[in-house]
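The values are calculated or read from the model by the stated rules, or taken from the named source; none is laboratory data. Source: prediction; values computed, not measured. Ideal geometry is used to build each Cβ from the backbone, glycine not excepted, and the neighbour counts take in all protein chains shown. Accessible surface is based on the protein model in full, side chains and every heavy atom, while ligands, DNA and RNA are left aside. Shrake-Rupley method; radii C 1.70, N 1.55, O 1.52, S 1.80 Å.
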Amino acid sequence: AQSVTQPDIHITVSEGASLELRCNYSYGATPYLFWYVQSPGQGLQLLLKYFSGDTLVQGIKGFEAEFKRSQSSFNLRKPSVHWSDAAEYFCLSSGTYKYIFGTGTRLKVLA
Amino acid sequence: DTAVSQTPKYLVTQMGNDKSIKCEQNLGHDTMYWYKQDSKKFLKIMFSYNNKELIINETVPNRFSPKSPDKAHLNLHINSLELGDSAVYFCASSQDSQGPQHFGDGTRLSIL
């Protein structure tokens, strides 16, 4: 069965520090993978997507993610976090008419 | 211009009532979705339409009925509202059934 795991419910980092949010998927084939960000009271904004090809994908707001087939992972990274990055982050796995979100990781940024 | 717009933004009503949430997208997308986000922020797909045809109908009580009058609209009607229906409902659209989804700002439904 298709599933998505985000092992970290909460992550706290200092402003300027690097960030990595983990996402592991389970799917028979290679799914399409996405990262979304949700600010309080807002909808979800697409950060980046992976369909095929280059396993390191660049997104908006300085984010990038790396697809690793051997680890069934699609981790999100940012080299230097800004206070405005504080939000909830969701990983989405999309298969044939299957859309599974991870449970989300809440990011807190310390000044 | 708002790409995916939902109305109303907030909906407060009593148990047993019937209510509708409307969604419109101006992106020219073929596929639209309804998601439910519960109090723990968990997002679960409810329905998906592609070119006005229902392609996903997850395990959702039949009190929930989606309607797509055209490709740009996907409305959600809920009968006999229950306390457990309190949540944020998100509409989304994508170019096709695999493409990145664009989300509306959500409708916060509160049942008294």
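Which whole-number percentage describes the relative contact order of segment B:62-112, with Cα contacts under 8 Å and a sequence gap of 6 or more?
Working: 63 pairs, mean separation 15.4, N = 51.
Once normalised by length, the contact order is 30 percent.
Averaged over all directions, how much area does the convex hull of the C-alpha atoms of segment A:3-56 cover when projected, in nm²?
Numbers: hull surface 20.8 nm².
Result: a mean projected hull area of 5.2 nm².
May I ask you to derive the FRET efficiency for A:Thr55 and B:Lys40 from their Cβ-Cβ distance with R0 = 25 Å, giving the value to the nearest 0.05?
Numbers: r = 31 Å, r/R0 = 1.26.
Efficiency, rounded to the nearest 0.05: 0.20.
With Cβ to Cβ distances under 14 Å as the rule, what net charge do the other residues near B:Lys44 carry (K, R +1; D, E -1)? Mind showing how you got there, number by number?
Details: positive: A:Lys98, B:Lys36, B:Lys40, B:Lys41; negative: B:Asp38, B:Glu58, B:Asp85.
Every neighbour counted, the sum reads +1.
Under Stokes-Einstein, with the Kirkwood radius over Cα pairs standing in for Rh, what whole-number D in µm²/s applies to chain B at 10 °C and 1.306 mPa s? If you can, show how the numbers build up before the last one.
Values: Rh = 13.8 Å.
Translational D for this selection: 115 µm²/s.
Please report Rg over Rh for chain A, where both radii come from the alpha carbon positions and Rh follows the Kirkwood definition.
Rounded to two decimals, Rg over Rh is 0.95.
For the pairing of chain A with chain B, what total accessible surface becomes buried, with a 1.4 angstrom probe, in square angstrom to the nearest 100?
Details: alone 6230 and 6390 Å², together 10820 Å².
Counting both chains, the buried surface is close to 1800 Å².
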